[in-house]
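Take a look at the structure below.
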Amino acid sequence: MPDTVATAIKWMYFGAVVSLIFLPIKLSLMGSMRSRLQEQGNLSPDQIDTVVRVGTGMAVVFSLIGTGLWIWMAKVCRDGRSWGRVLSTVFMAIGTLSFFYSLTQDAPGWAKLIDILPVAVGIAATVSLWREESRSHFDPFA
């Protein structure tokens, strides 16, 4: 396996760890979400509780899905599956677009800023996967 692919796989496993580490941070934002909703005064206390519960559930589910995708893509790319390299790139593009969308949302500045780490990890992994040295690992005719 070329060093560039090994590096990409390390980045992917690091991305999985980041997804898990960021989960408690995302969950800590639920308190500030509750406060902002209470200040706005548009929702009843029961509605606010529902929004916070749904937000908490979504944070947990998406964090676990993200972790699983990082690990799955690392294994697929390690095995030399060319579609894995393409799918990893698609996931990175979706993550990047999601990051830019999150910048438009009402959240503390630090919360928006930390979201750049998974994007940077995805870009680093993707660049490594598409380097010329990686081609032989994914090209069955090389």
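A short reminder: the numbers here are calculations on the coordinates, not readings from a lab. Just so you know, these numbers come straight off a predicted model, no measurement behind them. In this analysis, Cβ positions are derived from the backbone assuming ideal geometry, glycine residues included, and neighbour counts consider all displayed protein chains.
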Check: Which listed residue (66, 44, 1) has the Cα farthest towards the positive end of the charge dipole for the chain, taking +1 on Lys and Arg C-beta and -1 on Asp and Glu C-beta about the Cα centre?
Finding: 1
Notebook entry, point to check: Can you give me the Cα centroid spacing of region 23-40 and region 56-84 in angstrom?
Noted result: 27 Å
Check: Out of (1) 95; (2) 149; (3) 167, which label holds the value of volume of the Cα convex hull per residue in Å³ that was computed here?
Finding: (1)
Notebook entry, point to check: Around residue 42, with a cut-off of 15 angstrom between Cβ atoms, what is the net charge of the other residues, counting Lys and Arg +1 and Asp and Glu -1?
Noted result: -2
Margin query: Full-extension gain between residue 17 and residue 93, please, as 0.36 nm times their residue separation minus the C-alpha to C-alpha distance.
Written below: 25.4 nm
Notebook entry, point to check: Among 45, 24, 118, whose mean-square fluctuation peaks in a Gaussian network model of the chain (Cα, cutoff 10 Å)?
Noted result: 45
Checklist line | Restricting region 44-141 to chymotrypsin sites (Phe, Trp or Tyr not before Pro) in coil, as DSSP defines it, with at most 11 other Cβ within 10 Å | finding: 141
Item checked: Convex hull of region 1-83 built on C-alpha atoms - directionally averaged projected area, nm² -> 6.5 nm²
Notebook entry, point to check: What angle, in degrees between 0 and 90 and rounded to the nearest 10, separates the Cα long axis of helix 45-78 from the longest principal axis of the Cα atoms of the chain?
Noted result: 10 degrees
